Amino acid sequence: MFEKVLIANRGEIALRIHRACREMGIATVAVHSTADADAMHVRLADESVCIGPPQPAKSYLNMAAILSAATITGADAIHPGVGFLSENADFAAMVEEHGYVFIGPSPEHIALMGDKVRAKEAARELGIPVVPGSDGAVEGEAQARKVAEQVGFPLLIKAAAGGGGRGMKVALHEGELMQAYSMARAEAKAAFGNDQVYMERYLGQPRHIEMQILADGQGGVVHLGERDCSMQRRHQKLLEEAPSPALNAAERARIGEIALKAMHRLGYRSAGTLEFLYENGEFFFIEMNTRLQVEHPISEAITGIDLVREQIRVAAGATLDIRQEDIKINGHAIECRLNAEDPTTFAPSPGLVTDYHQAGGLGVRVDSHLYAGYRVPPYYDSLVAKLIVHGNTRNECLMRLRRALEEMVIDGIATTTPLHQKLISQPDFIDGNYDIHWLERWMKQQAEG
Amino acid sequence: MFEKVLIANRGEIALRIHRACREMGIATVAVHSTADADAMHVRLADESVCIGPPQPAKSYLNMAAILSAATITGADAIHPGVGFLSENADFAAMVEEHGYVFIGPSPEHIALMGDKVRAKEAARELGIPVVPGSDGAVEGEAQARKVAEQVGFPLLIKAAAGGGGRGMKVALHEGELMQAYSMARAEAKAAFGNDQVYMERYLGQPRHIEMQILADGQGGVVHLGERDCSMQRRHQKLLEEAPSPALNAAERARIGEIALKAMHRLGYRSAGTLEFLYENGEFFFIEMNTRLQVEHPISEAITGIDLVREQIRVAAGATLDIRQEDIKINGHAIECRLNAEDPTTFAPSPGLVTDYHQAGGLGVRVDSHLYAGYRVPPYYDSLVAKLIVHGNTRNECLMRLRRALEEMVIDGIATTTPLHQKLISQPDFIDGNYDIHWLERWMKQQAEG
Amino acid sequence: MTKFPIDEEALRTLAGLLEETGLSEIEVAEGERRLRVARHAAPVVQAALPPAQALPVQPAAALPAAGAPAPAAGPAEGTVSSPMVGTAYLAPEPGAATFVSVGGRVEKGQTLMIIEAMKVMNALPAPHAGTVKEILIQDGQPVEFGEPLMVIG
Amino acid sequence: MTKFPIDEEALRTLAGLLEETGLSEIEVAEGERRLRVARHAAPVVQAALPPAQALPVQPAAALPAAGAPAPAAGPAEGTVSSPMVGTAYLAPEPGAATFVSVGGRVEKGQTLMIIEAMKVMNALPAPHAGTVKEILIQDGQPVEFGEPLMVIG
């Protein structure tokens, strides 16, 4: 096992990684910008190194500085956390070239999944379902009919040169196909001077479902069930839950089986996430995140598995000692991302945290680097606390979440806590009845109402 | 289910009960003394009533004031918490007479178990093992031999009129019996003018093991495994763990079976605890606590059962929907009691909490009524926070506890945190190798060394 | 030690500017010298949360039923606070005349009201003689321990 | 003592801008001069922990390898801080004479030491001419970004 791990990140995730290391008896090195000299993980780490000024490019994205810090502290391994360099294949390769262990997947897998087009091809080859569609442009009505038959309805016809919704038409059933096809072409021609169109399955109300994977690269692969991250605004997740209120055990087993086989064939190592759109019982691959995710604690809550500990273990060459049949989904968990933002305008709200009090009690976990007197710097991500609540049932979890949100105190800065409080009292949310568009729709109604 | 529950207690346990109520959609009434007007549970409760001045006798022990508060707020039920009136049979009866539900066992069971002599008799009748001994005074050598044969060695011979260790002798084996018997009589005669002596099994290095019971009084009884509370100083528990490092599955099953049968025969309702001394594979009943216990969260951590919720449910007339076979002991949990006391002299340390920060992250639960700016009043119990840590193994739990203790910040007052930090690094503790005398022995060594 | 140089004039100017502009803070720096003046709207709060406030209770009438202590300092002089939790009645029975009225004279020991607790009616005697200046509660109102009931001046 | 110069006009302008823009704070700096005005909506709360202190860094030498910014105010004038993380060497090779010594004169641009980062040797040039007053590190010592290395007065 490693003697010393350098944590190449900041904020709550740096603290999360520090905690896992500390519990494994591994010493930690916190690297930080000048703006984070007083950060919680810097205070708690065994050693800290200032690697640059506040600008991320000169500190947390500064590969040379991070590697120099590893050199001068004698670290064995580097954990990249979430964001920053965590999905940078060059960094992973550089870490390895310099003789350190990168706590994550191989640079090749990071590169593969980082390229949208190659990732989708890889997914198809690995047997992961992708959104069905035409392989290229659809030329003429006969081909359109043929593609429609293969792909199925509803169908989206979109300009090859398109963007912004122009040259995009939906055909809900066969009767609408020809008109939609010709209108899309005409619009594409008018808008882009090019009437080439693609066709693919149209997803009107998909949910964002993702599978948490853990693999040792030595034949051991497990999944920890799914997370439902449909509660999004501008592709930013706000609240996540596990299991998904929309999936049943059979669907979970089916997509789980697909994920296991694919990761086995890929020879993947470390934690990773397969993201899907889900509609009417079907899954469609979006992308794979070759890193830890912000919402990983809800999977930890329902499985009892410490994902960061496992990441570190497999990076050190250990095999997984968990088999799929050992993993039991136990109860329900929800994470609320508390951001330093105005809860209605989402304007960032950095500044001095004058008072801070974490919710406590049964089934409540808080991952946060805040403390009273801490100044949230304006240079980084606005996530300041994750409130993770677990219950034996979804209803118990919701009730517990309500009382835990009441107990959270973050004063001096605006946070999204009031938004979460409003959100979790909405009947649609309580019923688990929401897709990836729900939040923006609801917020629009709120703004208008 | 109840609409409104009055919480007749203060501090962390009042907050604990408030949380359970809130999660069940039950409104709460906090009653408090003038010293607790700004207490956390008072702030969070739906309603609060000041019932008297700081002195417990005039507030938290003032039955008339508590019942008046229930009347003016229209509460349905009263939860007595831990300590104060929680094991007062008269109060339980009075609560029922006034038409409220007492969230606890029947007044008869409280009274029975509150009387040491009757409780021991009852235990024997219910098939619970008690410390074997002579039924009364042992008159003469022949009877001494007969009793010794029944009771077994080692044997303690003690003056009927005794106290303070005088007139007390231990016979480790039969060869020592006669001499010990005559010496004990002689000492008893000299010290108390009465040479009557009793005999009972001598326990040299017992552990304190207790079984957590949950029963609905309608035939449903389960146990949640045992807690090991051997880490005591002057009969005050400092740190508890579950399961006990000393018990194996067979012993757990055996004593569990005995407890279930006994509680079934007794017709017990609510949460309760059977306390035992345990030595060399044998259990000996000490007493039964007919209430929630301070250390209940470690049982919650390893079973996933919310004990306060269940207490409230069965008090409202519901039957248990958990069967013994559903209860799986999962991992290991430890609770540290953080008291507002000097960690070496144990002098109370009330006063202003200038800074407060709870440990967070995976597997960590904090039950505390503290907040920055709170003033710990000098009138009550010194328990100010419970740190409860859960891990998949005892070792993981110990490592997590170490890092969680590092993260706890309680400034402005002295607490027992440093004592816990020292304690958990002791080889005997790490090995789980300690009895009820260990802590006092170790502290004496510390003081001398 | 050299004397710490304080430019009183400059500080006065800044203080004046602060007042004039309605700002709460001004800071100026010149090389290694720095001046900063600030004025906060409300008293600066030291603790994160307000400290425990003493309940507004007053050395009150001692009833035989429940011992009434005299915690801390209280509000207006002459305030009579409740010695127990219960329901306060201003008249001996529904519809009857109240024990006392605002403006009326009371003697020490005279019954001011009744507080019902545990189905027992406890008469509340006047702790001192005087004029009833204010009655702070309604007939039949639930009252807490220490709650101000009446002002007798 | 020299009089502290206060640009009242500038402060009034800033106060006006603060009002106009609805900001709660404006800070402007020009070389070593700095002005800051603030208006708080709510009472200022004292923090439980001391606010984050700016690291003692100084407008330092800019190395070609890593851009060195100049955050906040720093310690003693003339302090040269490290523009990067690495290992500092006071001499060009082991056993050789050091680049500079205490008491010695340095010209602007003259190499003060070498900082090794990622196996690249980066020469640290003097940001200004002067006398080496203090060398704050040992040969071969690991240094952080912003760590004070030398004082040149």
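The values are calculated or read from the model by the stated rules, or taken from the named source; none is laboratory data. This is a predicted model, so every value here is computed, not measured. Don't worry about glycine lacking a Cβ; one is built from the backbone with ideal geometry, like all the others, and counts go over all protein chains shown.
Here's the yes/no breakdown for (1) more than 30 Å from residue A:300 (Cα to Cα); (2) more than 23 Å from the chain's Cα centre (by Cα); (3) modelled with pLDDT of 95 or more; (4) buried (at least 22 other Cβ atoms within 10 Å of the Cβ):
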| position | (1), (2), (3), (4) |
| --- | --- |
| B:394 | no, no, yes, no |
| B:401 | no, no, yes, yes |
| B:421 | no, no, yes, no |
| B:429 | no, no, yes, no |
| B:432 | no, no, yes, no |
| B:438 | yes, no, yes, no |
| B:442 | yes, no, yes, no |
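Does residue A:283 satisfy the criteria of being of a type in the set (Phe, Trp, Tyr) and either over 27 Å from residue A:382 (Cβ atoms) or free of Cβ contacts under 8 Å to residues at least 40 places away in the same chain (or both)? Spelling it out, residue A:283 is indeed of a type in the set (Phe, Trp, Tyr) and either over 27 Å from residue A:382 (Cβ atoms) or free of Cβ contacts under 8 Å to residues at least 40 places away in the same chain (or both).
Residues of region B:388-402 that are in contact with a helix residue (DSSP H, G or I) (Cβ under 6 Å, 6 or more places away or on another chain) and either β-branched (Val, Ile, Thr) or touching a residue at least 40 places away in the same chain (Cβ under 8 Å) (or both): B:388, B:389, B:390, B:391. Within region A:83-92, identify whether any single residue is farther than 22 Å from residue A:272 by Cβ and outside the structural domain of residue A:289 (by TED's automatic domain parsing), and answer yes or no. No, because not a single residue in region A:83-92 is farther than 22 Å from residue A:272 by Cβ and outside the structural domain of residue A:289 (by TED's automatic domain parsing). Among the residues examined, residue A:167 qualifies as surrounded by 20 or more Cβ atoms within 10 Å (Cβ to Cβ), over 30 Å from residue D:119 (Cβ atoms) and not β-branched (Val, Ile, Thr). The criterion of being away from chain D (no Cβ under 14 Å) and touching a Gly at 6+ places or on another chain (Cβ under 8 Å) holds for residue A:331.
Taking (1) surrounded by fewer than 23 Cβ atoms within 10 Å (Cβ to Cβ); (2) away from chain D (no Cβ under 14 Å); (3) out of contact with any Gly (no Cβ under 8 Å at 6 or more places or on another chain); (4) not in a helix (DSSP H, G or I) in turn, residue A:359 satisfies each apart from (1).
Within the span defined as region A:276-288, every residue fails to be of a type in the set (Phe, Trp, Tyr), over 23 Å from residue A:206 (Cα atoms) and surrounded by 20 or more Cβ atoms within 10 Å (Cβ to Cβ). Scanning region B:30-46 for residues that are surrounded by fewer than 20 Cβ atoms within 10 Å (Cβ to Cβ) and either out of contact with any strand residue (DSSP E or B) (no Cβ under 7 Å at 6 or more places or on another chain) or facing chain C (nearest Cβ under 10 Å) (or both) yields a total of 4. Out of region B:60-84, which residues are under 13 Å from residue B:14 (Cβ atoms) and under 23 Å from the mean Cα position of the chain (by Cα)? Those that are under 13 Å from residue B:14 (Cβ atoms) and under 23 Å from the mean Cα position of the chain (by Cα): B:60, B:78, B:79, B:80, B:81, B:82, B:83, B:84.
Results for (1) touching a Cys at 6+ places or on another chain (Cβ under 9 Å); (2) of a type in the set (A, V, I, L, M); (3) more than 9 Å from every other protein chain (Cβ to nearest Cβ), shown as yes or no for each residue.
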position	(1), (2), (3)
B:368	no, no, no
B:393	no, no, yes
B:404	yes, yes, no
B:410	no, yes, yes
B:423	yes, yes, yes
B:431	no, no, yes
B:449	no, no, yes
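Restricting A:27, A:57 to residues that are out of contact with any Pro (no Cβ under 6 Å at 6 or more places or on another chain), at pLDDT below 95 and more than 8 Å from every other protein chain (Cβ to nearest Cβ) narrows the list to A:57. The set of residues in region C:108-127 that are in contact with a Ser or Thr (Cβ under 9 Å, 6 or more places away or on another chain) and part of a loop (DSSP other than H, G, I, E, B) comprises C:118, C:119, C:126.
Specify the residue that is farthest from residue B:287 (Cα to Cα); the eligible residues are those in region B:192-213 that are of a type outside the set (D, E, K, R) and assigned to a strand (DSSP E or B). Per the stated criteria, the residue is B:197.
Whenever a residue of region B:355-382 is on the phi > 0 side of the Ramachandran plot, its partners that are assigned to a loop (DSSP other than H, G, I, E, B), lying with C-beta atoms within less than 6 angstrom and at least six residues away or across chains, give the pairs B:373/C:47; B:373/C:48; B:373/C:49. Across region D:90-106, the qualifying residues are those that are small (Gly, Ala, Ser) and under 19 Å from residue D:128 (Cβ atoms), and the one among them that is surrounded by the fewest Cβ atoms within 10 Å (Cβ to Cβ) is D:103.
The criterion of at least 1 residues that are in contact (Cβ under 8 Å) with a residue 60 or more places away in the chain is met by the following helices (runs of 4 or more DSSP H) wholly inside region A:28-139: A:40-44, A:63-73, A:107-114, A:116-125.
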